[in-house]
Amino acid sequence: MVDGTRRSFVGGALALSTATLACSAPSSMATGDRRKAAPGVLQPGPGWTGVAGSGGRPPAESDRPFGTLVPDERFTGGFSAVPGQWIHGEGIRITALGLPPQPVGAAAINYFKEAVFYLEGNSITVTEWSVNTTPVRSHDGTMIPQGSIGFSVEIGAGEGDVTAGDAILYCFLRGEHGLERRIEIPLVINVDRKLDAKRRVCFVDPQRGSDEGDGSRSAPWRTLYHALGSKGVGDGGKLILQKPGRYVEDVNISRLPPLNNRRAIEVFAAEGLRADQVIITRTARRLPEPRWVIQARAVHFHGLTVDLGKIMLLWGPADRAIAFLGCRLVDPRGPEGDRDENGLALGFNLSKGTPAQRDTLAAGLPYSFGGFYLAECLFVNFTTQGARLYRNVTAYQTTDSFAGGPGYDNVVVDGYDVIMPAEGITRLHLNSHLEVASVQSGPQATTILTLVDPQDLPRQEKAPDLRLRFLSGVLAGQEEQILSINPGERRIVIRGDSASRVAAGDRIRCYAIWHADFCQQQGVQRPDQRGLRNITIFRYRASSPTSQLFLTQAPVRVEPKTRISTSGAQFQIISGTGKPNLVLDDDVLRLQEGPQAGEYRIVAAFDGATGTGTLLEPFSADQRDTLVERSKSINGFVMALSVLRKTGKGWEMGQFQDGHRNFLLTQNTFIGQPNCLSFRSKFPGHGHRNHVQLFNLISKMDADTPEFPSWGLRIERNHFLRGVSRGREGRVLDGRPVFDANNRYRPFRGQLSIGRKPLIPFDSFGNPVDENSPVGAVSV
């Protein structure tokens, strides 16, 4: 609910006004008057001049904790919205989502308390969860409810003389305990459409347009490269792509300066055109490289198709904010790339031949600069790592759906459905096939193939994820596992005795399995790089034969022979090489020797000049010149209402390694076989601090050590289908849930109930949840 008091902030001070607010449907707002909007609508205050921040300043993020359970951990959360979003018309709601930190050393649960939204001098306090049903346009042109589960507020026109302009929306996210988090997002408020007459509207037509024209309807430009450049539509402009067809963007290296626009440029297809009718593409993948450079700093593409078969890497200014809303980002070749004359997938070539001969698939949305934002989009056959918002995104045959990197902070996943019906494959040779010269039975029920020419096959021994497909002969269409490759001897050894059914002249293709890593830390390689920070994942539903859920961090070694001495929480490290160590807050230090070998602790502060610092908690005993190592941490991670399902039988679904701080998994479903979730560490401690798992349905949970970590970990009231019940109040009972195409399943008899007030009162599909509902992501 929204509380009954309207507040105004003036110069950072909080003052109460006499107006009251309660949630209700918005009423019509007259243009040009100063009437208050309907109750429940947040408007910029009367002092707002249309300039962001002019209506008043909100309080700073407070370091004073609420309650005592988790006094030094912060709420994890963010906005499910695109920075610079234009608010056109009434009824548009902005949602914030996240969860407060949870204690490890107590049985209590820290529930959400309130979200205080502040907009240019006015504020509204939301105290209850809701499902945001703001209509949005999907990639196929249909209008669907947004479906965000969180804390929502409707945006209204300014209540003073200025009713439209630039504004900053803040939200203070608070739990009953712990530290608040203040988040913010810039908006362009155009509720009463006052800005329509002021913004420049230009047109692009690749058939009859010219970049020498003025961009008018009668003299449109030819390329988006020009329209989004320094001589194009300009700050806050609107571009209309006039005709159906291909918009070819072959210029990818520009000598012109980028457009440092303040307001986002919106790019639309002309009225009546579907997303699949307007295609941004190129004539070749490399001209001479794979990047498509977007010249403007902030661009929002609406209802278009981006041809990822030709545009392999999106690029732009370092501080860019590029959004795709209701768009299709697809490869016209299909979800598995090129096919041969028999219709079989060739597999992607990532390393063989010249760069022009390779399929450039990695880092399509790079996380190293600025940000990409995806809302109501379709992805087919593309690596989507690096986006900072995934809202109602559907992906098919997509790998590396969510891969983090240095500085990859404040990411929100709010509805992301990923389906991989088959394993992704990468070809091990440049040419489309190899030819068998001879065949013989090998030892232990194997088959030895000798090739006419091994070409550029790599040497492989005991690789578990290599496959061989027969393209001709008796076994045409069948696959076998490759046990080893010896290109010097022109030999491939495969599992099974198939020698009697293989003949000289048979054609084969060799490839490796490309695992779908739904959430993996990548790119942290240097001491000055941090791991993930403030990551919020709601309604993430994915299935794949090889899915992996790597909620881990990368080790980044200290200088060789570095030693640590401690006195309580105070420590000093001395490098063994004389070169000083660079240690960041939240780095994880691990003892390498002595009685406490394997213990981890998280760094609170470090002074590089003296090599001294403070740990969040001391080791179990003081240290003196003890060898120490380091890894990077996750600080602030929430995954909720998600369904991750591994349909194949290799490996486990997820690995928990070291360094999780303020880490929460709740009301999720994790299904995998033969294993599911594993704590991967050979040391007795795992360096976690407030790693909490509540109310989840999990196939199985294991650890590399005989006992689970005893420090910093809380596993409570989870249902396990196999193995051993982990943590408190758990249950083991195999219910074998059956999934439909949308990763929805029906809870089974005997499934453990939540048993207390849930952290979120809805399931993954927006159905109400209470203490009697089953644990996991689906309630009915």
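The values are calculated or read from the model by the stated rules, or taken from the named source; none is laboratory data. None of the values given here were measured: they were computed from a predicted structure. Here the Cβ positions follow ideal geometry from the backbone for every residue, glycine too, while neighbour counts run over all protein chains shown. Remember, those area values only see protein heavy atoms, side chains included, never the ligands or the DNA or RNA. Shrake-Rupley method; radii C 1.70, N 1.55, O 1.52, S 1.80 Å.
Residue separation times 0.36 nm, minus the C-alpha to C-alpha distance between Ala503 and Phe748: what's the value? If you can, show how the numbers build up before the last one.
Values: separation 245, 0.36 × 245 = 88.20 nm, distance 5.09 nm.
Extra length from Ala503 to Phe748 when fully extended: 83.1 nm.
Looking only at the range 142-165, which residues have a backbone nitrogen under 20 Å from a spot 7 Å from the Cα of Thr134 in the C-beta direction?
Label zone hits: 142-159, 163-165.
For the range 35-145, just say rounded, prolate or oblate: build the C-alpha gyration tensor, square-root its eigenvalues into a ≥ b ≥ c, call rounded for a/c under 1.5, and beyond that prolate if a/b exceeds b/c, oblate if not.
Values: a/c = 2.37, a/b = 1.39, b/c = 1.70.
Note, shape of the range 35-145 comes out oblate.
Could you run the Karplus curve 6.51 cos²θ - 1.76 cosθ + 1.60 with θ = phi - 60° over the range 730-743 and give me ³J(HN,Hα) per residue in whole Hz, x for Gly and Pro?
x, 9, 10, 7, 7, x, 6, x, 9, 9, 9, 5, 9, 6
Grab the DSSP H runs of the chain that are 4 residues or longer, score each as -39,500 (n - 2.57), total them, divide by all residues and round the 222 nm result to the nearest 500 deg cm²/dmol.
On the way: 1 runs with 4 residues, N = 780.
Per the formula, 0 deg cm²/dmol.
Obtain the nm distance between the two label points defined at Ile144 and Arg339 by a simple spin-label model: each point lies 7 Å from its Cα along the Cα-to-C-beta direction.
Roughly 2.6 nm, to one decimal.
What FRET efficiency, computed as 1/(1 + (r/R0)^6) with R0 = 41 Å and r the Cβ-Cβ distance, is obtained for Ala422 and Arg64, rounded to the nearest 0.05?
The pair Ala422/Arg64 has a calculated efficiency of 0.20.
Ignoring ligands, DNA and RNA, please state the percent of accessible area on the chain from carbon and sulfur, probe 1.4 Å. Working shown, then result.
Working: 14810 of 29420 Å².
Result for the chain: 50 percent of the exposed heavy-atom area is carbon or sulfur.
Which of Ala395, Met420, Pro454 sits closest to the plus end of the dipole of the range 392-501, meaning its Cα is farthest towards the positive end, when Lys and Arg get +1 and Asp and Glu get -1 on the C-beta?
In the range 392-501, that residue is Pro454.
For the range 115-179, what class follows from the C-alpha gyration tensor (a ≥ b ≥ c being the square roots of its eigenvalues): rounded when a/c is under 1.5, otherwise prolate if a/b is larger than b/c, else oblate? Before the final figure, lay out each step's value.
On the way: a/c = 2.70, a/b = 1.13, b/c = 2.40.
Judged from the Cα gyration tensor, the range 115-179 comes out oblate (a/c at least 1.5, b/c at or above a/b).
How about the range 462-499: which trypsin sites (Lys or Arg not before Pro) there lie in a loop by DSSP and see at most 11 other Cβ atoms within 10 Å?
Numbers: sites: Lys462, Arg467, Arg469, Arg490, Arg491, Arg495; in loops: Lys462, Arg490.
Hits after loop and neighbour filter: Lys462.
Between Gln525 and Val51, what is the label-point separation in nm under the 7 Å Cα-to-beta-carbon projection?
That separation, rounded to one decimal, is 4.4 nm.
If contacts are Cα pairs under 8 angstrom and at least 6 residues apart, what is the relative contact order of the chain in percent?
Numbers: 2384 pairs, mean separation 60.6, N = 780.
Relative contact order comes out at 8 percent.
Quick check for you: with a 1.4 Å probe and neighbouring chains kept, what is the accessible area per residue of the chain, in Å²? Show your work: numbers first, answer last.
Values: 29420 Å² over 780 residues.
It amounts to 38 Å² per residue over the chain.
Which entries of Lys243/Lys310; Lys198/Lys310; Lys198/Lys231 have Cα-Cα distances beyond 29 Å here? Please report the intermediate quantities before stating the final value.
On the way: Lys243/Lys310 20 Å; Lys198/Lys310 36 Å; Lys198/Lys231 18 Å.
Exceeds cut-off: Lys198/Lys310.
Along the Cα-to-C-beta direction of Glu176, a point sits 7 Å from the Cα; which residues of the range 741-780 have their amide N less than 13 Å from that point?
Residues 756-760 qualify, since their backbone N sits under 13 Å from the label point.
Looking at the range 231-301, which trypsin sites (Lys or Arg not before Pro) are DSSP coil and have at most 12 other C-beta atoms within 10 Å of their C-beta? Walk me through the numbers on the way to the answer.
Details: sites: Lys231, Lys238, Arg246, Arg255, Arg262, Arg263, Arg274, Arg282, Arg285, Arg286, Arg291, Arg297; in loops: Lys231, Arg255, Arg262, Arg263, Arg274, Arg282, Arg285, Arg286, Arg297.
For trypsin sites (Lys or Arg not before Pro) across the range 231-301 that sit outside H, G, I, E and B with at most 12 neighbouring Cβ atoms in 10 Å, the list reads Arg255.
Which FRET efficiency value, to the nearest 0.05, is calculated for Thr127 and Asn772 with the Förster distance at 22 angstrom and r the Cβ-Cβ distance?
Efficiency, from the Cβ-Cβ distance: 0.45.
By how many nm would the segment from Arg756 to Asn431 grow when fully extended, if each residue of separation counts as 0.36 nm and the alpha-carbon distance is taken off? Please list the in-between numbers first.
Working: separation 325, 0.36 × 325 = 117.00 nm, distance 5.98 nm.
Once the chain is fully extended between Arg756 and Asn431, it gains 111.0 nm.
Test of understanding: extend the Cα→C-beta vector of Ala609 to 7 Å, then name every residue of the range 554-588 with backbone N under 17 Å from that spot.
Flagged as within label range: 573, 580-583.
Looking at the range 110-173, which GluC sites (Glu not before Pro) are DSSP coil and have at most 14 other C-beta atoms within 10 Å of their C-beta? Let's see the in-between values first.
Working: sites: Glu114, Glu120, Glu128, Glu154, Glu159; in loops: Glu120, Glu128, Glu159.
Sites meeting the loop and neighbour criteria: Glu128.
Run the dipole for the chain about the Cα centre, Lys and Arg Cβ at +1, Asp and Glu Cβ at -1, nothing else charged, and hand back the magnitude in debye, nearest 20. Walk me through the numbers before you get to the answer.
Details: 89 positive and 80 negative charges, 87 e Å.
Dipole size: approximately 420 debye.
Each label point is 7 Å from the Cα along the Cα-to-Cβ direction; what then is the distance between the points at Leu616 and Ala703, in nm?
With each label point 7 Å from Cα toward Cβ, the separation is 1.8 nm.
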